[in-house]
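Written out below as structure tokens is the structure these notes cover.
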Amino acid sequence: LTRTPNLLAVSANGVGYDTVNVRACTEAGVLVVNQAGGNREAVAEHVLGMMLCLSKRVIQVDRFMRRELIVEREAYMGSDILGKTIGIVGIGHVGSRIAELCRGLFAMRVLACDPYLTEAEIASRGAEKTELDDLLRQADYISINCPLTDETRGMIGARQYALMQPHAYFITTAR
């Protein structure tokens, strides 16, 4: 900031500000903005790609087939996504698109935890409002889509992982 005295603004990619020293920018009179929602589709598609990759065991099958000549089909069968439950932590731009895709493409039950939204607001985004612990207990897939802030830092740890079902998958597109 001292080397750029004429700097007017800093723009961070995505929804968070964790890559920018907001306090220093504010003290220097520099505006800080982000691009919330700009990568909504790409990130939502990434989450679905990860869900499919994990459920269908794509990486394991690929690695096995590159090493072995004979493949026992039953040994690497994956599971279906259809009708399962996804828990979305942070149902903003990306989370609401994930909810829409999961409901529409895979007829999934969609749970969401977002302390900034009411039950009605979350319902309008296609999900059932729930607390984080309940979401972790019920979901087959958990998708974390919230920015890294002092409030969210460390929100998932050993206690939260222990609440998850043994077969559940944890996907994060957050920082």
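The values are calculated or read from the model by the stated rules, or taken from the named source; none is laboratory data. All of these numbers come straight from a predicted model, not from anything done at the bench. Please note: Cβ atoms are built from the backbone with ideal geometry, for glycine as well, and neighbour counts cover all protein chains shown. Each accessible area value is taken on the protein alone, full model and side chains, heavy atoms only, with ligands, DNA and RNA left out. Shrake-Rupley method; radii C 1.70, N 1.55, O 1.52, S 1.80 Å.
Return one whole number: the accessible area per residue of region 83-155 in Å², for a 1.4 Å probe.
I get 45 Å² per residue for region 83-155.
Starting from the amide H of residue 170, placed 1.01 Å from N in the peptide plane, find each other amide H under 5 Å away whose residue is 5 or more places distant or on another chain.
142
As an exercise, use a Förster radius of 25 Å and the Cβ-Cβ distance of residue 162 and residue 74 to find the FRET efficiency, rounded to the nearest 0.05.
Working from the Cβ atoms, E equals 0.25.
Tilt of helix 40-55 relative to the longest C-alpha principal axis of the chain, in degrees (0 to 90, nearest 10)?
30 degrees
Along the three principal axes, how long is region 1-145 when you take its alpha carbons, biggest first, rounded to the nearest angstrom?
Result for region 1-145: principal-axis Cα extents of 65, 44, 25 Å.
Could you run the Karplus curve 6.51 cos²θ - 1.76 cosθ + 1.60 with θ = phi - 60° over region 76-87 and give me ³J(HN,Hα) per residue in whole Hz, x for Gly and Pro?
Here the 3J(HN,Hα) series is 10, 6, x, 10, 7, 8, 3, x, 7, 10, 10, x Hz.
Calculate what fraction, in whole %, of the accessible area of the chain sits on carbon and sulfur atoms when a 1.4 Å probe is rolled over the protein chains.
54 percent
Tell me what the chain gives for mean residue ellipticity at 222 nm when only DSSP H runs of n ≥ 4 count, each as -39,500 (n - 2.57), the sum divided by the residue total, rounded to 500 deg cm²/dmol.
-10500 deg cm²/dmol
In degrees, nearest 10, range 0 to 90: what is the angle between the Cα axis of helix 93-106 and the longest Cα principal axis of the chain?
Helix 93-106 and the main axis of the chain meet at about 20 degrees.
Can you figure out the FRET efficiency of residue 3 with residue 172, using R₀ = 45 Å and their beta-carbon distance, to the nearest 0.05?
0.85
Highest first, please rank the peptides 150-159, 26-35 by the mean number of other Cβ atoms sitting within 10 Å of their residues.
Those peptides, ordered most packed to least, come out 26-35, 150-159.
How far apart, in nanometres, would the label points at residue 62 and residue 148 be if each is projected 7 angstrom from Cα along the Cα-to-Cβ direction?
The answer from the label model is 2.6 nm.
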